[in-house]
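Below is one structure; the comments refer to it alone.
The values are calculated or read from the model by the stated rules, or taken from the named source; none is laboratory data. Quick caveat, the model's predicted, so the values are computed rather than measured. Because the Cβ atoms are built from the backbone with ideal geometry, glycine has one as well, and the counts that use them run over all protein chains shown.
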Amino acid sequence: MVYSPKEDSYLLKKWVIKLSKGKKVLDMGTGSGIQAMAAKLGGAVSILGVDKNKKAIELSKLNAKKLGFEGVEFKYSDLFLAVNEKFDLIIFNPPYLPFEKGLNYEKDYDLVGGEKGNEVSIEFLKQAIEYLNNEGIILMICSSLSDPFEIFNYAESFKYNYEILEELRLDFETLYCVKFYLKN
Ligand SMILES: C[S@@+](CC[C@H](N)C(=O)[O-])C[C@H]1O[C@@H](n2cnc3c(N)ncnc32)[C@H](O)[C@@H]1O
């Protein structure tokens, strides 16, 4: 199954369109390809979407073709394993739900971010340092369901600054669209 865009996707998409102009973009966990295509709409100069779900890669290629988005590339990668370049903008709408009964960590990796839910986000931020150009930024969704403040503390320990660009309060959670960038 491939993640269908939801409130988190639309919140991030809005900021991706605003901040992509002239940038070389990596869309981590591309899913349907929504953020990669948003980067194209926003005027990115090159875009690579990656996902560890092979079905997501097939679907995002199909969606981009159907919707007429040319020059957007997609390939399989588990986090940065198959990535070997640097980018100006790295986007991630991560799986952020905590593990709970009814969810299966092996199967539901579009949703579950680990035992507490924020583990994939923290590991992503740790690895992303190597793939960011000078002045590069990360746009990532965080959720009140998986201790965003722990993510921010880790980010600071990895030498990122961060800024919450927008908060979206829903019935059961608050979503944060967050910009991370490396301290000089
Ligand atoms: C919440 S969905 C977001 C999908 C899409 N980007 C959006 O905004 O709607 C999270 C995506 O991350 C992918 N993902 C999870 N763990 C990953 C990993 N270790 N490496 C690459 N992609 C991963 C999932 O397969 C899923 O497509």
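Considering only residues that are assigned to a loop (DSSP other than H, G, I, E, B), more than 8 Å from the ligand (Cβ to nearest atom), closer than 24 Å to residue 133 by Cβ and not small (Gly, Ala, Ser), which ones fall in the stretch 82-101?
Of everything in the stretch 82-101, those that are assigned to a loop (DSSP other than H, G, I, E, B), more than 8 Å from the ligand (Cβ to nearest atom), closer than 24 Å to residue 133 by Cβ and not small (Gly, Ala, Ser) turn out to be 83, 84, 85, 86.
Please pick out the residue among 4, 32, 46 that is surrounded by 19 or more Cβ atoms within 10 Å (Cβ to Cβ) and at pLDDT 95 or above.
Numbers: 4 fails: surrounded by 19 or more Cβ atoms within 10 Å (Cβ to Cβ); 46 fails: surrounded by 19 or more Cβ atoms within 10 Å (Cβ to Cβ).
Answer to the selection: 32.
Find all pairs meeting these conditions: Cβ atoms under 6 angstrom apart; at least six residues apart or on different chains; first residue within the stretch 113-126 and more than 10 Å from the ligand (Cβ to nearest atom); second residue among the charged types (D, E, K, R) and outside any helix (DSSP H, G or I).
118/147
Within the stretch 122-142, track down each residue that is closer than 16 Å to residue 25 by Cα and assigned to a strand (DSSP E or B).
132, 133, 134, 135, 136, 137, 138, 139, 140, listed by residue number.
Within the stretch 106-136, how many residues are in contact with a helix residue (DSSP H, G or I) (Cβ under 7 Å, 6 or more places away or on another chain) and either more than 23 Å from residue 3 (Cα to Cα) or not hydrophobic (A, V, I, L, M, F, W, C) (or both)? Working first, answer last.
Within the stretch 106-136, the subset in contact with a helix residue (DSSP H, G or I) (Cβ under 7 Å, 6 or more places away or on another chain) is 113-114, 116-118, 121-122, 125.
Next, from what is left, pick out any that are either more than 23 Å from residue 3 (Cα to Cα) or not hydrophobic (A, V, I, L, M, F, W, C) (or both): 113-114, 116-118, 121.
Residues flagged as in contact with a helix residue (DSSP H, G or I) (Cβ under 7 Å, 6 or more places away or on another chain) and either more than 23 Å from residue 3 (Cα to Cα) or not hydrophobic (A, V, I, L, M, F, W, C) (or both) within the stretch 106-136 amount to 6.
I'd like to verify a number: residues in the stretch 45-76 that are under 11 Å from residue 27 (Cα atoms) and either charged (D, E, K, R) or near the ligand (Cβ under 10 Å from one of its atoms) (or both), how many?
Residues meeting the conditions: 5.
Determine whether residue 70 is surrounded by fewer than 12 Cβ atoms within 10 Å (Cβ to Cβ) and either at pLDDT 95 or above or in contact with a strand residue (DSSP E or B) (Cβ under 8 Å, 6 or more places away or on another chain) (or both). If you could, list the steps in order and put the result at the bottom.
On the way: surrounded by fewer than 12 Cβ atoms within 10 Å (Cβ to Cβ): yes; either at pLDDT 95 or above or in contact with a strand residue (DSSP E or B) (Cβ under 8 Å, 6 or more places away or on another chain) (or both): no.
So residue 70 does not fit the description; no.
Within the stretch 41-73, track down each residue that is under 21 Å from residue 22 (Cα atoms) and free of Cβ contacts under 8 Å to residues at least 24 places away in the same chain. Before you say what the answer is, go through the steps one by one.
Restricting attention to the stretch 41-73, the residues satisfying the condition of being under 21 Å from residue 22 (Cα atoms) are 41-50, 64, 68-73.
Of everything in the stretch 41-73, those that are under 21 Å from residue 22 (Cα atoms) and free of Cβ contacts under 8 Å to residues at least 24 places away in the same chain turn out to be 43, 45, 68, 70.
Among (1) in contact with a Leu (Cβ under 9 Å, 6 or more places away or on another chain); (2) surrounded by fewer than 17 Cβ atoms within 10 Å (Cβ to Cβ); (3) over 24 Å from residue 23 (Cβ atoms), where does residue 171 come up short?
(1)
For residues that are near the ligand (Cβ under 9 Å from one of its atoms) and under 11 Å from the mean Cα position of the chain (by Cα), scanning just the stretch 17-32, find the one that is nearest to residue 2 (Cα to Cα). Lay out the reasoning, then the answer.
Step one: of the stretch 17-32, the residues near the ligand (Cβ under 9 Å from one of its atoms) are 27-32.
Checking the rest, the ones that are also under 11 Å from the mean Cα position of the chain (by Cα) come to 27-31.
Details: 27: 15, 28: 14, 29: 10, 30: 10, 31: 6 Å.
Only one residue fits best here, namely 31.
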